[in-house]
Amino acid sequence: VLYFAINKSKTGQADNQYNVAVINKAYFESVVAQLKHAGIHADVMTADYLLLKEENTLFSDGTRVLFNSEKMKSATDINNASSIIDVESLNFISCAKETDSEPLESFLQGSYKKKKNWSETGKTWLPLAALFLLWLGIQGGLFIYDYIHLSKQNKVLNNKITAIYKRTFPESRRVIDAKAQMQQKLNILKKRKGQSGRSFSEMLSGSAEIFSKAKGLNIKSLRYYDGRINIEMQIASLQGLDKLKEQLTSEKGYQVEVQNASSGKETVTARIQIVGAE
């Protein structure tokens, strides 16, 4: 036995059109009795599926299914739910336990299976992609900065090597690759090593660092023989000459003798002899 509730809509319908709600009469009366027993007087009773405001929404608690679409609003048990679904895009809301969700998944197949929203997926990954691109940009900028900085340092070092080479070998007029030419000169001088003392290459490489730091140092000539280097130079001051001698002695272990020195207006001209210890 069914209970029919008829409602005449105030607007939007012709005079001969009515809204009709149909419900099992025994179930309806049981609900009214329960409300009365609880001291509740209901003015309005609405079907639960009408609470689903968004269209094409399927709600399940594991046993019952509520469905709302443009053409149909209905409720049924979960085993008969497949007969009421006739849409491709479905907003599915499940309040069932994980163990109770399998029957619902069994009829959500084919065209009723929930489609992936790639636009939403894109929105999820978009911030991560943006951060990754930002990281790439920063790393690329750091790489370019390091490359430019190291190129400048390499140019400065090459200029220093060229300056040392010209001071050490003033007779060389053409300098193409100072480092390679210096190595070539050292290889030639190494073959002329005497029977005592250190080789010229050892002494020159050991003292080059100190020479490069000496203020106002200008080597006029350099001669090597049998573990001894005779140097004619110009340096900024007598104090600078004493400091150069001290550094060669204390840091490199050489025996340094200042053979003569004369002061000019701006520089000191001196001749020194460096002896490499055994």
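What FRET efficiency comes out for Lys265 versus Glu171 if R0 is 30 angstrom and r is the Cβ-Cβ distance? Round to the nearest 0.05. Could you put the intermediate results ahead of the total?
Details: r = 28 Å, r/R0 = 0.92.
Using R0 = 30 Å, I get an efficiency of 0.60.
Work out the FRET efficiency for Lys53 and Asn24 from their Cβ-Cβ distance, taking R0 = 25 Å, and round it to the nearest 0.05. Display every interim value, and only then the final one.
Details: r = 25 Å, r/R0 = 1.01.
Calculated value: 0.50.
Highest mean first, how do 63-75, 37-49, 223-235, 166-178 rank when packing is the count of other Cβ atoms within 10 Å averaged over residues?
On the way: 63-75: 16.0, 37-49: 9.0, 223-235: 17.6, 166-178: 12.5.
Descending packing order for the listed peptides: 223-235, 63-75, 166-178, 37-49.
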Multiplying the sequence separation of Val258 and Leu126 by 0.36 nm and subtracting their Cα-Cα distance, what value in nm do you get? 40.1 nm
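Fully extended, how many nm does the chain gain between Glu251 and Leu134 (0.36 nm per residue separation, minus their Cα-Cα distance)? Mind showing how you got there, number by number?
On the way: separation 117, 0.36 × 117 = 42.12 nm, distance 5.01 nm.
Residue separation times 0.36 nm, minus the Cα-Cα distance, leaves 37.1 nm.
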Projected label distance in nm at Glu232 and Asp43, using a 7 Å step from Cα toward the beta-carbon: 12.1
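Any read-out appearing in this document is the output of simple, stated calculations on the displayed coordinates, not a laboratory observation. Small disclaimer: the values here were computed from a predicted structure and weren't measured. Quick reminder, even Gly has a Cβ in these numbers, built from the backbone with ideal geometry, and neighbours come from all protein chains shown.
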